Amino acid sequence: MITGGSRGMGAEHARALVAEGAKVVIGDILDDEGKALAAELGDAARYVHLDVTSPEDWQSAVSTAVDEFGKVNVLVNNAGIVNGSTIQKFRLDKWKQILDVNLTGTFLGIQAVADLMIDAGGGSIINVSSVEGLRGSPWAHGYVASKWGVRGLAKSVALELAPHNVRVNSIHPGLIRTPMTEGIPDDMVTVPMGRAAESREVSTFVVFLASDESSYATGAEFVMDGGLSADVPHK
């Protein structure tokens, strides 16, 4: 299962996993784009409307996955939003919204699949955090707080589920060219490698963590940021 899977990184994760033989349930609120992607991927994919802040939507999505494909052994918590303001003017409703989607949505997803994975003998949960889940960033206070939370949640759940062979890790992309970042000018962030990444460069990590190749990795951070977390400041 992949949340926020209709476009951007989520869509590339779906394509990469299907290319490796996976069956994928794409969850999103962008119904037209999600249905088009599922049609592109064929019999290996299904689309479900999934508002990650809704426990009812989660139960429906999980039921679809089990009914269509038999089990859920990988969850990619990819859905996320971003907004920004100075700390003095950061609106409470915007703060709550970003925490609801980015952090509570991840929490609800883990709750929805944990018992299924335990009963199946194992699984992999991949929380998409950010390079901003490793450091601070001006104006992005809600985003930073949520992505640190996503990272921390991966660690606590990893400890709890490790005896059941359920692995939980976080991935930390830097500047990735997606619809969510299209408003960020190229010169706002200085990337040591000199460019933003393509979504597919993150998807390789998702495939690795979804597979048995990462069978001994849990509670860890995997960073793909072009060197940003090497303490390169914002302009």
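A compact table of results
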quantity: Extension gain from Glu198 to Ala120, taking 0.36 nm per residue of separation minus the Cα-Cα distance; calculated: 24.7 nm
quantity: Kirkwood Rh in Å, taken over all unlike Cα pairs in the range 79-211; calculated: 15.9
quantity: Options (i) 15.7; (ii) 11.5; (iii) 12.2 - which one matches mean projected area of the Cα convex hull in nm² as calculated here; calculated: (iii)
quantity: Among Val24, Val74, Ala162 the positive-end extreme of the charge dipole of the chain (Cβ point charges); calculated: Ala162
quantity: Most mobile listed residue (Tyr143, Tyr216, Tyr47) in the chain, GNM with C-alpha springs under 10 Å; calculated: Tyr216
quantity: Kyte-Doolittle at least 0.0, axis length at least 20 Å by Cα - qualifying DSSP helices, the chain; calculated: 105-120, 141-161
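Readers should treat all values here as calculations from the given coordinates under stated rules, not as data from a laboratory. Here the structure is a predicted model, which is why all the values come from computation and not from measurement. Every residue, glycine as well, gets a Cβ built from its backbone with ideal geometry; the counts of neighbours run over all protein chains shown.
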